[in-house]
Amino acid sequence: MTRKNNLKAVVVFLMLACSFLLASCQQQTNDGEFQILVFSTISEDTLTEMKEDIKLDQESADILLYPSVAERLMIEIVRHSGDIIIMDRELLATAYDSKEIYPLDEFRDDNNTVALTDFELAAKQAAGEEVEIGQIYPNAIRVSYIDKYDFGSTPLELVAIIPKYTKNKEMAFSILERLVH
């Protein structure tokens, strides 16, 4: 019996240790401050260049870089984190909910419109939705062009959304305007 109790104690200890480790490694957020969440494989240098492009005031806003992982993106959306969410184009279908993000028509032009891919069109058709070739995401916008930032050898397209849970709609729209023009 004592061996079984020792095993339970070790398991409990390991679980607590893992919990403390995960809590200490969790990225700090600035609750109440304006946040731009970036889910991408861009480099820190590219992120710095992006910060300079939008002239972000570090005292009132922060840009947080996360890996381009759909699960992490969904966790942050569920937590209502981020006033602007910028992501690799491949993640857009994961996060897209037209009822929960602001329309971005005022920024749209031929260069920054995000059209559905063939795969996304096929998936929507398979789900019984009526879709047209060339259909766009009306609430998402391309925020960088392949030649704007140096992504190395892999061409990368970043898109942005503004979730309706943001408390800073005007600032989000102002910053997004700087990213697309």
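The values are calculated or read from the model by the stated rules, or taken from the named source; none is laboratory data. Since this is a predicted model, take the numbers as computed values, not measurements. All Cβ positions, glycine included, derive from the backbone under ideal geometry; neighbour counts span all protein chains shown.
Contact map, the range 66-83: first residue more than 14 Å from residue 167 (Cα to Cα) and in contact (Cβ under 8 Å) with a residue 24 or more places away in the chain, second residue surrounded by fewer than 17 Cβ atoms within 10 Å (Cβ to Cβ) and not hydroxyl-bearing (Ser, Thr, Tyr), Cβ cut-off under 6 Å, separation 6 or more or different chains; pairs are 66/72.
Only residues that are more than 16 Å from residue 73 (Cβ to Cβ), surrounded by 13 or more Cβ atoms within 10 Å (Cβ to Cβ) and among the small types (Gly, Ala, Ser) were counted in the range 95-114, giving 0.
Restricting attention to the range 87-143 and to residues that are assigned to a loop (DSSP other than H, G, I, E, B) and hydrophobic (A, V, I, L, M, F, W, C), the residue that is modelled with the highest pLDDT turns out to be 104.
Residues checked against (1) closer than 21 Å to residue 37 by Cα; (2) acidic (Asp, Glu):
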| residue | (1), (2) |
| --- | --- |
| 91 | yes, no |
| 96 | yes, no |
| 100 | yes, yes |
| 104 | yes, no |
| 109 | no, yes |
| 113 | yes, no |
| 123 | no, no |
| 127 | no, no |
| 138 | yes, no |
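Taking the range 71-80 on its own, how many of its residues are surrounded by fewer than 18 Cβ atoms within 10 Å (Cβ to Cβ) and within 12 Å of residue 38 (Cα to Cα)? Can you show your working first?
First, the residues of the range 71-80 that are surrounded by fewer than 18 Cβ atoms within 10 Å (Cβ to Cβ): 71-72, 74-75, 78-80.
After this cut, where a residue has to be within 12 Å of residue 38 (Cα to Cα) as well, the list is 72.
Final tally of qualifying residues: 1.
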